[in-house]
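The values are calculated or read from the model by the stated rules, or taken from the named source; none is laboratory data. None of these values were measured; they are calculated from a predicted model. Neighbour counts are summed over all protein chains in view; Cβ atoms, including those assigned to glycine, are modelled from backbone coordinates with ideal geometry. Surface areas here come from the heavy atoms of the whole protein model, side chains and all, with no ligands, DNA or RNA. Shrake-Rupley method; radii C 1.70, N 1.55, O 1.52, S 1.80 Å.
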Amino acid sequence: MIIAIDGPAASGKGTIGKRLAAHYRLRHLDTGLLYRAVGKTVLDAGKKPDDRIAAIAAAQALDLSRFNEAVLKSAEVGEAASYVSAIPEVRAALVDFQRNFAVTPPGAVLDGRDIGTVICPDADVKIFVTASPETRAARRAAEYRAGGKTIDDATVLADIRKRDERDSSRSAAPLKQAADAVLLDTTTMGVEDAVKAAIAIVESKRLR
Ligand code: C5P
């Protein structure tokens, strides 16, 4: 089974993806890490994240075997990721890895922005996870604080709005709900309710 989960930053798609993978004993890929790794490589080389040549070279040479999540989950790297991910050649360099991951038995849960629309258009289940920008900013700020970073909700909200706008308006694989995806709005849900709702969506598709 292949489950595609898309949605904006901090909507809860990563947590839901991990939990669904554990529930159904599938593998899980947080595809944002791929773009974050490209963004970090560009930053580490002292280049700007909108430097096309540097970003394409980084994507084509990326070691896809392991990622240091702790390092990649910073706000700065997330911002860089949203620049490099708008470059078509960067996206192209990462497509085969994602598709191979999805089809390797027993199947997988992939979360990102274009899984249901571009990477796995034939996924068995597609869920588009969203939440209000304020809720998403509060969640992300709490994550940063738990990791020892002091950052206020307003700064995170501004960052999230910018990232939403960039991810939705780019021409290469923009963030958008697939026509056959089920919408899951987690604004008023805690983690457990959101996971339950996601499992109910998967079950409703499996029973068809
Ligand atoms: O999901 P996460 O916040 O880690 O993603 C970081 C950035 O990577 C996103 O803002 C988006 O620009 C990009 N991304 C993407 N396509 C994906 C996953 C992430 O363009 N499938």
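Among the conditions (1) more than 30 Å from Tyr83 (Cβ to Cβ); (2) modelled with pLDDT of 95 or more; (3) of a type in the set (A, V, I, L, M, F, W, C), Ala179 misses just one, which is (1).
Within the stretch 60-69, identify whether any single residue is within 11 Å of the ligand (Cβ to nearest atom) and either touching a residue at least 60 places away in the same chain (Cβ under 8 Å) or assigned to a helix (DSSP H, G or I) (or both), and answer yes or no. The answer is yes, given that some residue of the stretch 60-69 is within 11 Å of the ligand (Cβ to nearest atom) and either touching a residue at least 60 places away in the same chain (Cβ under 8 Å) or assigned to a helix (DSSP H, G or I) (or both). On inspection, Lys73 qualifies as within 13 Å of the ligand (Cβ to nearest atom) and over 19 Å from Asp114 (Cβ atoms). Selection of the stretch 117-138 for residues being in contact with a strand residue (DSSP E or B) (Cβ under 7 Å, 6 or more places away or on another chain) and within 14 Å of Met1 (Cβ to Cβ) yields Cys120, Ala123, Asp124, Val125, Lys126, Ile127.
Taking the options Asp152, Asp124, name whichever one is loosely packed, with under 15 Cβ neighbours inside 10 Å, acidic (Asp, Glu), modelled with pLDDT of 95 or more and more than 14 Å from the ligand (Cβ to nearest atom). So the residue among Asp152, Asp124 that is loosely packed, with under 15 Cβ neighbours inside 10 Å, acidic (Asp, Glu), modelled with pLDDT of 95 or more and more than 14 Å from the ligand (Cβ to nearest atom) is Asp124. For the stretch 29-60, which positions are open to solvent by 30 Å² or more (accessible area, probe 1.4 Å) and at pLDDT below 95? Residue satisfying the conditions is Asp50 alone. Note on the stretch 1-28: residues that are over 20 Å from Gln177 (Cβ atoms) and either within 10 Å of the ligand (Cβ to nearest atom) or open to solvent by less than 20 Å² (accessible area, probe 1.4 Å) (or both) total 1.
If you check Ala4 against the conditions, is it among the aliphatic types (A, V, I, L, M), under 16 Å from Lys126 (Cβ atoms) and touching a Cys at 6+ places or on another chain (Cβ under 9 Å)? So Ala4 fits the description; yes.
I need a count of the residues in the stretch 165-178 that are open to solvent by 30 Å² or more (accessible area, probe 1.4 Å) and either acidic (Asp, Glu) or on the phi > 0 side of the Ramachandran plot (or both).
Of the residues in the stretch 165-178, 1 are open to solvent by 30 Å² or more (accessible area, probe 1.4 Å) and either acidic (Asp, Glu) or on the phi > 0 side of the Ramachandran plot (or both).
Per the listing Ala93, Ala142, the residue uniquely among the hydrophobic types (A, V, I, L, M, F, W, C), away from the ligand (no atom under 14 Å from the Cβ) and either under 14 Å from the mean Cα position of the chain (by Cα) or more than 22 Å from Lys205 (Cα to Cα) (or both) is Ala142. Checking every residue in the stretch 83-101 against the condition of being part of a helix (DSSP H, G or I), touching a Pro at 6+ places or on another chain (Cβ under 8 Å) and more than 18 Å from Arg19 (Cβ to Cβ) gives at least one match. Any residue at all in the stretch 25-38 that is at negative phi and free of Cβ contacts under 8 Å to residues at least 12 places away in the same chain? No, the conditions are met nowhere in the stretch 25-38.
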